[in-house]
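Remarks on the structure that follows.
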Amino acid sequence: QVQLVESGGGLVQAGGSLRLSCAASGSIFSINAMGWYRQAPGKQRELVAAITRSGSTNYADSVKNRSTISRDNAKNTVYLQMNSLKPEDTAVYYCNAESSSKWYESYREVWGQGIQVTVSS
């Protein structure tokens, strides 16, 4: 089993910055893509940013140019640096990873428990 644990959330004023971290632990053979999703109250979960093992990235239009996703493969950790935060960035942020525990296993999708980010106006 692979577990994802997020950290770095909290309350920040509009215009501020936050850095989210997500560390994978457990029985890990390989981790493929990793990403961050968010879900605001009454809304569907949406992709914020994703990164492949080789470092290719993809961002939602709403955070593009304000956020940077990165990862440390040696630490099985993914980061999300968010700048110029807006009240509409308020949501629960979830870490996501495609992981396998054995060399012969297919990748499985794993989710973190979520972490609150609140941006005050």
(request) Determine whether segment 87-106 contains at least one residue that is open to solvent by 30 Å² or more (accessible area, probe 1.4 Å), farther than 27 Å from Gln1 by Cα and part of a strand (DSSP E or B). (result) no
(message) With the structure loaded, tell me whether Thr68 is of a type outside the set (A, V, I, L, M, F, W, C), open to solvent by 60 Å² or more (accessible area, probe 1.4 Å), assigned to a strand (DSSP E or B) and under 14 Å from Gly8 (Cβ atoms) or whether it fails that test.
(response) yes
(message) Give me the residue from segment 58-86 that is free of Cβ contacts under 8 Å to residues at least 12 places away in the same chain and either among the acidic types (Asp, Glu) or in contact with a Phe, Trp or Tyr (Cβ under 6 Å, 6 or more places away or on another chain) (or both) and, out of that set, nearest to Val2 (Cα to Cα).
(response) Asp72
(message) Condition first: over 14 Å from the mean Cα position of the chain (by Cα), open to solvent by less than 10 Å² (accessible area, probe 1.4 Å) and not aliphatic (A, V, I, L, M). Can you find one or more residues in segment 53-63 that meet it?
(response) no
(message) closer than 15 Å to Tyr79 by Cα, touching a residue at least 60 places away in the same chain (Cβ under 8 Å), among the charged types (D, E, K, R) and open to solvent by 50 Å² or more (accessible area, probe 1.4 Å): is that true of Arg38 in this structure?
(response) no
(request) Using the structure shown, decide if Val110 is more than 16 Å from Val5 (Cβ to Cβ) and open to solvent by less than 30 Å² (accessible area, probe 1.4 Å). (result) no
(request) Please enumerate the residues belonging to segment 63-84 that are closer than 17 Å to Arg19 by Cα, out of contact with any Lys or Arg (no Cβ under 8 Å at 6 or more places or on another chain) and not charged (D, E, K, R). (result) Val63, Asn65, Ser67, Thr68, Ile69, Ser70, Asn76
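The values are calculated or read from the model by the stated rules, or taken from the named source; none is laboratory data. In this text the structure is predicted, and so the values were computed from the model without any measurement. No Cβ is skipped: glycine too gets one built from the backbone with ideal geometry, and neighbour counts run over all protein chains shown. Surface areas here come from the heavy atoms of the whole protein model, side chains and all, with no ligands, DNA or RNA. Shrake-Rupley method; radii C 1.70, N 1.55, O 1.52, S 1.80 Å.
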